[in-house]
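What follows is a single structure, written as structure tokens, with notes after it.
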Amino acid sequence: MSKGVIFSNIFNKLSSFSGALCSLLILALLGITFLNNQLNVDIPAANKVRDAFDVSIPFNEVAKLDLREMKEEIASNYVSSVPVSGYRAPAVSQPAAATTTNTFHIGEPTPVYDTAVDAGNGVMRYMTYGGRFLYAHSTRAFDPIKYLGIGSTFTATIDGVTSTYRVSARYVYNKALELDGSANNQRRINIYTARDNGVRHSLSLMTCGNGSNNDGNFRLVLYADAI
């Protein structure tokens, strides 16, 4: 057999094999396409994975929104560490107490010329500066004034005349620091003369405590005017 015939036979066989291989490949691709169409299931829109934020918003704007939300959350959860109430300077007139009644009555006070005189169960009237200053124990005759505030009223009989008085100012003083016994203590003189910030009142009343207790280290002072 000649070489030409041999090469011709080999070429024919390869051609037949290539044709068969191409047919197989085409069938395989068609099969894969068919399977893909059968197995491909559309995911409902509600179940699709979404971005964490709207991609239409620039990133720098998103950062601003997040920061504002953080600030609002911190503000809503913030609890102030500053106490609601604290020490009030005695020189500031205190607000009215809940009681605003005239059922409290001061009977005829006892005239004295020395504040060292113990009030006992009664009310003393200091006469040295004009008789406008009254004092008594907070556990006895002047217990009711602890519950009187600015605007509260009471009655008093002085020199045989009964009048109604309204509280105009209310103070608490530290006895040792603000009402020392020196003769030139202006605050003490103002109390004795019933003067407060240059205003002359009808009466000044003083007792122990800070208005809610009977602490001897403090003095409760009320200024009142006849109405």
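The values are calculated or read from the model by the stated rules, or taken from the named source; none is laboratory data. Model, not experiment: these values are computed from the prediction. We place every Cβ from the backbone using ideal geometry, glycine too, and count neighbours over all the protein chains shown. Ligands, DNA and RNA are excluded from the accessible area calculation, which covers all protein heavy atoms including side chains. Shrake-Rupley method; radii C 1.70, N 1.55, O 1.52, S 1.80 Å.
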- Taking the stated definitions as given, is I150 aliphatic (A, V, I, L, M) and either outside any helix (DSSP H, G or I) or in contact with a Gly (Cβ under 6 Å, 6 or more places away or on another chain) (or both)? yes
- May I ask you to verify whether S168 is on the phi < 0 side of the Ramachandran plot, part of a strand (DSSP E or B), among the small types (G, A, S) and open to solvent by 40 Å² or more (accessible area, probe 1.4 Å)? yes
- Task: Considering every residue within the stretch 154-164, establish whether at least one is in contact (Cβ under 8 Å) with a residue 12 or more places away in the chain, open to solvent by 20 Å² or more (accessible area, probe 1.4 Å), farther than 16 Å from E108 by Cα and not charged (D, E, K, R).
- Result: no
- Message: Looking at the stretch 182-217 only, could you name the residues that are under 14 Å from Y135 (Cβ atoms) and in contact with a helix residue (DSSP H, G or I) (Cβ under 8 Å, 6 or more places away or on another chain)?
- Response: S204, L205, M206, T207, G209, G216
- Query: What pairs can you find where one residue is in the stretch 187-198 and outside any helix (DSSP H, G or I), the other is surrounded by fewer than 18 Cβ atoms within 10 Å (Cβ to Cβ) and charged (D, E, K, R), and their Cβ atoms are less than 7 Å apart, with a gap of 6+ or different chains?
  - Reply: A194/R200
- Item | Members of the stretch 199-215 found to be within 32 Å of the chain's Cα centre (by Cα) and assigned to a loop (DSSP other than H, G, I, E, B), listed by number | G209, N210, G211, S212, N213, N214, D215
- Flagged in the stretch 115-126 as touching a residue at least 12 places away in the same chain (Cβ under 8 Å) and loosely packed, with under 15 Cβ neighbours inside 10 Å, in numbering order, are G120, N121
- Query: What number goes with the only condition from (1) hydrophobic (A, V, I, L, M, F, W, C); (2) open to solvent by 30 Å² or more (accessible area, probe 1.4 Å); (3) closer than 23 Å to T110 by Cβ that I150 does not pass?
  - Reply: (3)
- Message: Suppose the filter is closer than 22 Å to R166 by Cα and in a loop (DSSP other than H, G, I, E, B); does G120 pass it?
- Response: no
- State yes or no: is D180 acidic (D, E) and under 19 Å from F104 (Cβ atoms)? no
- Might you let me know whether the stretch 170-183 holds any residue that is over 30 Å from the mean Cα position of the chain (by Cα) and polar (S, T, N, Q)? yes
- Given the structure, is A141 assigned to a strand (DSSP E or B) and touching a residue at least 12 places away in the same chain (Cβ under 8 Å)? no
